[in-house]
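The values are calculated or read from the model by the stated rules, or taken from the named source; none is laboratory data. No experiment lies behind these values; they were computed from the predicted model shown. Note that each Cβ is placed from the backbone with ideal geometry, even for glycine, and that neighbours are counted across all protein chains shown.
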Amino acid sequence: MVQILIDADACPVKDETYKVATRCKVPVVVVSNSPIRIPDSALISRRIVSDAFDAADDWIVEQAGPGSVVITADILLADRCLKLGAAVIAPNGKPFTTSAIGSAIATRAIMADLRAGGDVVGGPPPFSKTDRSRFLSALDETLRRLLR
C-alpha cells in the first residue's frame, strides 16, 4: 500500500503534501511529538508520539517500507527509511537516495564536529519558493511511480 509519512514537527511542506496526496488519493500520516492541526479528511491522520528522543523517527521507521514515501529533513531518519525500501524526500524537494546518503551522513558529521569545536558554520539556506516547487514536483513524480 502506498502511503506518505511526514516527520512533521518542523516540516514546511505539510499543506503541499496534503494537496498532492488528496489528488492522488494516497493516505498521509502526520507524525509529531505534539498536536498539529490537520485537514478534516479521511486520507489524513495524525500520530502523536511521546517526546522521548527519536520517538517520531522510530515510529516512522516501524511503518516505512516499499510503497512508503517519507517526508523529512533528518538525514539519519532518511538513511533508516531508505534501508527499508521507502522513498524519502526532503522538504526542499531533493530526494534522498541510497547512492548519496553516505556522503550526506558524512557531511552532517563534519558539520557537527565543526560546530562542537566552536566554528560558526551557518545553517541551511532559507526555504524558498523554488524549494516548494521542487518538492511538489518530486512528490508528484514519486507517487506516480509508486502507483503504477
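So for region 37-48 (the condition being in contact (Cβ under 8 Å) with a residue 40 or more places away in the chain and not β-branched (Val, Ile, Thr)), does at least one residue qualify?
Within region 37-48 (the criterion being in contact (Cβ under 8 Å) with a residue 40 or more places away in the chain and not β-branched (Val, Ile, Thr)), the answer is no, since none of the residues qualifies.
Counting just the residues of region 122-132 that are of a type outside the set (S, T, N, Q) and loosely packed, with under 11 Cβ neighbours inside 10 Å, which one comes out modelled with the highest pLDDT?
Among residues in region 122-132 that are of a type outside the set (S, T, N, Q) and loosely packed, with under 11 Cβ neighbours inside 10 Å, the one modelled with the highest pLDDT is Lys129.
Report, by residue number, each residue of region 61-80 that is under 23 Å from Lys25 (Cα atoms) and more than 10 Å from the chain's Cα centre (by Cα).
Val61, Glu62, Gln63, Ala64, Gly65, Pro66, Gly67, Ser68
Within region 1-20, can you find the residues that are in contact with a helix residue (DSSP H, G or I) (Cβ under 7 Å, 6 or more places away or on another chain) and under 15 Å from Arg134 (Cα atoms)?
Val13, Glu16, Thr17, Val20 - these are the residues of region 1-20 that are in contact with a helix residue (DSSP H, G or I) (Cβ under 7 Å, 6 or more places away or on another chain) and under 15 Å from Arg134 (Cα atoms).
Among helices (runs of 4 or more DSSP H) lying entirely in region 50-136, which contain 1 or more residues that are of a type in the set (Lys, Arg) and in contact with an Asp or Glu (Cβ under 9 Å, 6 or more places away or on another chain)?
Here the list reads 75-83.
Quick check on Ile105: is it touching a strand residue (DSSP E or B) at 6+ places or on another chain (Cβ under 7 Å) and either of a type in the set (A, V, I, L, M, F, W, C) or surrounded by 13 or more Cβ atoms within 10 Å (Cβ to Cβ) (or both)?
Here the answer is no, as Ile105 does not meet what is asked.
As an exercise: evaluate Pro39 against (1) surrounded by 15 or more Cβ atoms within 10 Å (Cβ to Cβ); (2) farther than 21 Å from Ala90 by Cβ and give the number of the one condition it does not meet.
(1)
What are the residues in region 88-125 that are touching a residue at least 40 places away in the same chain (Cβ under 8 Å) and among the charged types (D, E, K, R), if any?
Lys94
Within region 18-41, is there a residue that is at pLDDT below 95 and among the aliphatic types (A, V, I, L, M)?
yes
When Leu143 is evaluated against the numbered criteria (1) surrounded by fewer than 14 Cβ atoms within 10 Å (Cβ to Cβ); (2) assigned to a helix (DSSP H, G or I), which criterion, by number, is the only one it fails?
Every listed condition holds for Leu143 apart from (1).
Given the condition aromatic (Phe, Trp, Tyr) and either surrounded by 20 or more Cβ atoms within 10 Å (Cβ to Cβ) or not in a helix (DSSP H, G or I) (or both), answer yes or no: does some residue in region 10-29 qualify?
No: region 10-29 contains no residue that is aromatic (Phe, Trp, Tyr) and either surrounded by 20 or more Cβ atoms within 10 Å (Cβ to Cβ) or not in a helix (DSSP H, G or I) (or both).
Does Ile44 fit the bill of being surrounded by fewer than 19 Cβ atoms within 10 Å (Cβ to Cβ) and either under 13 Å from the mean Cα position of the chain (by Cα) or among the hydrophobic types (A, V, I, L, M, F, W, C) (or both)?
Considered against the rule, which asks whether it is surrounded by fewer than 19 Cβ atoms within 10 Å (Cβ to Cβ) and either under 13 Å from the mean Cα position of the chain (by Cα) or among the hydrophobic types (A, V, I, L, M, F, W, C) (or both), Ile44 comes out as no.
Return only the number of the condition from (1) out of contact with any Cys (no Cβ under 8 Å at 6 or more places or on another chain); (2) at pLDDT 95 or above; (3) among the hydrophobic types (A, V, I, L, M, F, W, C) that Ile60 does not satisfy.
(1)
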